[in-house]
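Let me begin by presenting the structure, written as structure tokens, before commenting on it.
Just so you know, all these numbers are worked out from the coordinates, no wet-lab data involved. The model shown is predicted, which means the values in this text are computed figures rather than measured ones. Here the Cβ positions follow ideal geometry from the backbone for every residue, glycine too, while neighbour counts run over all protein chains shown.
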Amino acid sequence: MNEKTIERKLVKTAKNMGGIALKFVSPGFDGVPDRIILFPGGCAGFVELKSPGKTMRPLQVRRKRQLESLGFRVFCVDGTEQIEEVLNAIRTP
């Protein structure tokens, strides 16, 4: 399994749960998570996707901490079995 497979399942599962998983690209601001997940009621979170067993780079860890310090939830997903749990956490206010 690779990162793209996990990402496709994340997008599909978010949609099936009533939300959207937007690709997040921020030119000039490296290290941001791959996806912004949005659910009804203003529930939002960020997801960094990795191949199984891979971890975030140091810059990605710093961005995660930065977003969390602003009150956002940030998750790193490296397997399809984590997707539903992460999405449920994001859609819970």
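Beta-bridge orientation, the chain: approximately 65 percent antiparallel, per DSSP, counting only bridges with both partners inside. Qualifying chymotrypsin sites (Phe, Trp or Tyr not before Pro) in the chain, where qualification requires a DSSP coil assignment and no more than 16 other C-beta atoms within 10 Å, comprise Phe24, Phe29, Phe72.
In the structure displayed, which of Lys15/Lys54; Lys23/Lys64; Lys4/Lys64 lie more than 18 Å apart, Cα to Cα? In this structure, Lys15/Lys54; Lys4/Lys64 lie more than 18 Å apart at Cα. Which one is right for this structure if mean projected area of the Cα convex hull in nm² is calculated from it: (1) 5.3; (2) 9.8; (3) 5.7? Derived directly from the coordinates: (3). Each residue of the range 42-52 was assigned a 3J(HN,Hα) from its phi angle through the Karplus curve 6.51 cos²θ - 1.76 cosθ + 1.60 (θ = phi - 60°); the sequence is x, 7, 9, x, 10, 10, 9, 9, 9, 5, x Hz, with glycine and proline shown as x. Mean residue ellipticity at 222 nm, helices only, the chain: -11500 deg cm²/dmol; runs of at least 4 DSSP H residues each add -39,500 (n - 2.57), and the sum is divided by the number of residues. For Phe24, the amide hydrogen comes within under 5 Å of the amide hydrogens of Arg35, Ile36, counting only partners 5 or more places away or on other chains and with H modelled in the peptide plane.
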